[in-house]
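Input: a single structure, listed below in structure tokens.
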Amino acid sequence: MAAPGPASSPRPGPEPILKDVVAYVEVWSSSGVENYSKTFVNQLLSMGAEVSKTFNRNVTHVIFKQGYQSTWDKAQKYGVKLVSVLWVERCRLAGVRVDESLFPAINTNEGLPSLIKKKRKCMQPKDFIPRTPENDRRLQKKIEKMAHELNNQKTAIDNDIPVLLFEADGSLTYSPTAKIKNQCNAMEKRLQEMKDKRENLSPTCVENEEVKLEILDDVSKGFKDRKIKSPEKSKKTSKVKKPTRTLVMTSMPSEKQNVIMQVVDKLKGFSFSCDVCESTTHVVAGEPRRTLNVLLGIARGCWIVSYEWVLWSLELGHWVSEEPYELSEIFPAACICRLERHLSLRKYQGNLFASQPVMYITTASEPPCAKLRELVQLCGGQVSRSPFAASIYIGPYRGKKQPEIKYLSEKWILDSITQHKICPCESYLIP
């Protein structure tokens, strides 16, 4: 009996593309408030890089965007490679370590005097010191004034002399001492309460006390003219204009979605939509996959762009030209339909299926029937809800086929839209 041979060792997996990289990440928004570093840290780790939480002697690469000047100076002093966020994304897409010199980091603070360099804004609240009569002169004066008015009114009550008083409607009347006495008692009681509790006032309470002091001060001095915003002005200032164009993300992991949402929040100009609709102008694809939103974006003449478009916009602080990032090589129809929409004087309507016979799409189709129907109609095709009124049947079919009807798979619609031409029906016949 032959002796068993040596056990075969498992084949090693592919070597991580950034296995020799030790990275330190400093990626902030243009305003210096939002920190975008986490997304790029995760991408570096997934490619085999080591990420350091501190800038030490082992660091080989600094991923830099709106970071600290001290980090920039230290990297230059020690000859560490300073790269932009685009280098990380390009390495991921290419599957290899890309030449760092092609994606240098930009330092917007370089060359500026130290006094006007932007400082990182701290999001932590400052220590709050409650305002009390002991540490706030204005508050102390108000309380002293109230006490003085109270004494004057007490004297008037003791002498049984009517006192001038402003009523709620603004009229000036002589008030009987009994009415004044009630108000004085209430004011005196309130002053005592404030005296007892003023050392433990919370920030909210201090604001409330200020409001109450203003009201009590009005009683002692009479009505003051108050500036009140007109309803028209208030409505105008509170109404924020919502962007009229929408952006759709597709094939996008959650960490990239977060970056896009933060960039849109800073650069403005878009609202978000889950599905491509009439107001959609841009579809951003995390991966070059043919999804329903990509096909709907093509059919509506939208920009179909890569995630790099957002990264470059983040890098430069404004929305950059979409054309270099348009996925026209993968989706040839994207550029054609987008130009047609741009040149259209009216609401854009595609004509890819305009010359085709009436179609019927079965409810068992995949993608869903409603979405396929929408795609065909956006491309100028006619869709019937009855199979008896159609010459093309799309989707699974079991039964006797009619010779005058073409039975085609759903892929015929999808491929035709992607290539912007009617694909030969013979290649998509259902057997």
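This table checks each residue for (1) touching a Cys at 6+ places or on another chain (Cβ under 6 Å); (2) surrounded by fewer than 18 Cβ atoms within 10 Å (Cβ to Cβ); (3) of a type in the set (Ser, Thr, Tyr).
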residue	(1), (2), (3)
Gly350	yes, no, no
Pro368	no, yes, no
Arg373	no, no, no
Val376	no, no, no
Ser384	no, yes, yes
| task | Answer yes or no: is there a residue in the range 307-317 that is assigned by TED's automatic domain parsing to the domain that holds Ile330, part of a strand (DSSP E or B) and either touching a residue at least 12 places away in the same chain (Cβ under 8 Å) or farther than 22 Å from Leu339 by Cβ (or both). | result | no
| Residues that are aliphatic (A, V, I, L, M) and touching a Gly at 6+ places or on another chain (Cβ under 7 Å), drawn from the range 367-403 | Leu378
| query | Within the range 291-304, can you find the residues that are out of contact with any Asp or Glu (no Cβ under 9 Å at 6 or more places or on another chain) and either under 21 Å from Trp412 (Cβ atoms) or in the same structural domain as Glu89 (by TED's automatic domain parsing) (or both)? | reply | Thr291, Val294, Leu295, Gly297, Ile298
| note | Of (1) more than 27 Å from His282 (Cβ to Cβ); (2) modelled with pLDDT of 95 or more, Ser386 fails just (2)
| task | Could you tell me which of the residues Gln356, Gln419, Gln402 is surrounded by fewer than 16 Cβ atoms within 10 Å (Cβ to Cβ) and in contact (Cβ under 8 Å) with a residue 40 or more places away in the chain? | result | Gln419
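The values are calculated or read from the model by the stated rules, or taken from the named source; none is laboratory data. Treat the numbers as computed from the prediction; the structure is a model and nothing was measured. Don't worry about glycine lacking a Cβ; one is built from the backbone with ideal geometry, like all the others, and counts go over all protein chains shown.
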